[in-house]
Amino acid sequence: MSTSSPTGESPPRPIGATSATSTRLPGKGAGTTTLERFKAVVRRNPKIMQFYRGLDVPLARGRVSADPTRMDAIVAANRASLAGFGPWVDAEAMRQSRYSYGLSPDWAAAMAHAISATVTYSDLLCYAASCSSAKASYLEIGVSVGKNFWQLLNAVSGGALVGMDIEEINPPLRDKLALVAAEGAMVPRLDRFHYVSRSNDVCYCTGDVFDPGLWDRLRGRKFNLIFSDAFHDPAAVMYEWRRIVELDLLDRSGFTIIWDDLVSRPIRRVFNDIIADCTARYGLTPRQACLMHAAGWVGEFEPAHPIGIISTQGFVG
Ligand SMILES: C[S@@+](CC[C@H](N)C(=O)[O-])C[C@H]1O[C@@H](n2cnc3c(N)ncnc32)[C@H](O)[C@@H]1O
């Protein structure tokens with residue numbers, strides 16, 4: 001994190017780095033200054049952060065509209081899915097990885113903590129999936145060890161789920177899937193799997209989000225749910241958006257997109273630009289877009305993440 005702003009603005013990270021690698025876990029920082037402690041308190045106050053960060057996204061005028069009973073059921077189901085997975089981190093895969101799946105050793109350890117019922121971005125994604133009567137057609141850009149992907153995989157049935165990451169599919173996740181077809185060892189590539197217990201088709205695309213060849217693997221598909229959570233950099237997020245538009249990947253009958261970690265001001269401005277583009281291209285209204293704060297993949301063990309949502313499915317209004 002930058003030390004220049006009390007609100008935790010951070011500079012762009014290199015490819016492969018994520019917010020997880022640059023955000024401090026609670027309980028750390030012996031010897032931190034009073035100013036650092038003050039910043040940490042401010043960052044943990046979603047209301048202050050919401051106000052401050054919202055100023056950069058004037059076109060996001062909606063808010064999530066979710067039925068509490070339905071959300072509670074989704075949260076409970078997701079915690080059960082997480083509890084049933086086993087260890088997220090495979091030591092050998094970590095050694096062979098390019099960027100440790102975006103996890104520092106502290107973060108890798110934090111993945112093992114059971115999380116509370118505080119609503120996470122995974123719960124929001126699963127709720128959004130439940131807003132559509134169509135089968136889920138889901139794209140996750142940046143899968144890491146698969147913690148969020150696993151929750152989606154267990155929340156939907158008969159769907160098509162595509163993961164994309166510069167890392168190979170995490171072996172503990174791969175071992176829960178039946179291999180249908182593998183393209184070989186080259187990158188970029190797309191391998192096909194099936195998740196039998198939920199009848200979900202799964203594709204895992206290995207490669208760099210900046211590689212047009214990776215995106216070409218998605219040609220002809222339509223997604224009604226997208227999660228952008230790879231390289232949290234304004235250029236990367238805009239590049240992804242351009243590929244989504246150019247390849248016409250959105251299901252125009254209804255879609256929801258969530259962007260995680262809109263931590264820096266430039267990346268929030270890119271989100272605002274995307275809302276403007278969405279309005280022009282797909283007739284979206286600003287009330288169908290929102291900036292909010294939600295817990296992330298380690299739940300209450302880190303400050304709430306600023307996330308952007310665009311939904312034409314009644315999920316934001
Ligand atoms: C924050 S993690 C994803 C977490 C996951 N979505 C979840 O919630 O469980 C970010 C992932 O993006 C991947 N990533 C970062 N830069 C990338 C790039 N340029 N191309 C493809 N993947 C990238 C990292 O390898 C890492 O696994």
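Taken together, the values in this text are just the output of simple stated rules run on the coordinates, not laboratory data. Just so it is clear, the model here is predicted, and its values are computed rather than measured. With ideal geometry, Cβ positions are generated from the backbone for all residues, glycine too; neighbour counts draw on all protein chains shown.
For the residues Gly84, Gly158, Gly207, a GNM of the chain with alpha-carbon springs under 10 Å puts the largest fluctuation on Gly84.
Give the Rg/Rh ratio for the chain, taking Rg as the radius of gyration of the Cα atoms and Rh as the Kirkwood radius, to two decimals. Don't skip to the answer; put the middle values down first.
Values: Rg = 18.4 Å, Rh = 19.7 Å.
Checking Rg against Rh, the ratio lands at 0.93.
What percent does the relative contact order of the chain come to when contacts are Cα pairs within less than 8 Å and at least six residues apart? If you can, show how the numbers build up before the last one.
On the way: 595 pairs, mean separation 77.7, N = 317.
Reported as a whole number, the value is 25 percent.
Only beta bridges with both residues in the chain are counted; by DSSP, about 50 percent of them are antiparallel. Lysine pair count for the chain with Cα-Cα distance under 20 Å and sequence separation of 8 or more or different chains is 4. Electrostatic bookkeeping for Asn170 treats Lys and Arg as +1 and Asp and Glu as -1; over the other residues with beta carbon under 12 Å from its beta carbon, the sum is -3. Calculated mean residue ellipticity at 222 nm for the chain: -10000 deg cm²/dmol, from DSSP H runs with n ≥ 4 weighted as -39500 (n - 2.57), summed, divided by the residue count and rounded to 500.
Order these by the 10 Å Cβ neighbour count, fewest first: Leu103, Leu55.
In order of increasing Cβ crowding within 10 Å: Leu55, Leu103.
Comparing Tyr282, Tyr99, Tyr239 in a Gaussian network model of the chain (Cα springs below 10 Å), the most mobile by mean-square fluctuation is Tyr282. Principal axis extents of the Cα atoms in the range 170-317, from largest to smallest and rounded to whole angstrom, are 42, 38, 29.
Give the order of Thr312, Thr279 when sorted by the count of other beta carbons within 10 angstrom, beginning with the fewest. Please report the intermediate quantities before stating the final value.
Numbers: Thr312 21, Thr279 16.
Least crowded to most crowded, the residues run Thr279, Thr312.
If you plug the beta carbon distance of Ile48 and Ala134 into 1/(1 + (r/R0)^6) with R0 = 45 Å, you get a FRET efficiency near 0.75. Ordering Thr206, Thr32 from the fewest to the most neighbouring beta carbons within 10 Å gives Thr32, Thr206.
Which helices count as membrane-span-like in the chain under these terms: full DSSP H, at least 15 Å along the axis by C-alpha, Kyte-Doolittle mean of 0.0 or more?
Details: long enough: 68-83 (22 Å, 0.27); 234-246 (18 Å, -0.11); 265-282 (25 Å, -0.31).
The qualifying helices are 68-83.
What is the sum of charges around Val316, taking Lys and Arg as +1, Asp and Glu as -1, for the other residues whose C-beta is under 10 Å from the C-beta of Val316? Taking every Cβ under 10 Å from that of Val316, the sum is +3.
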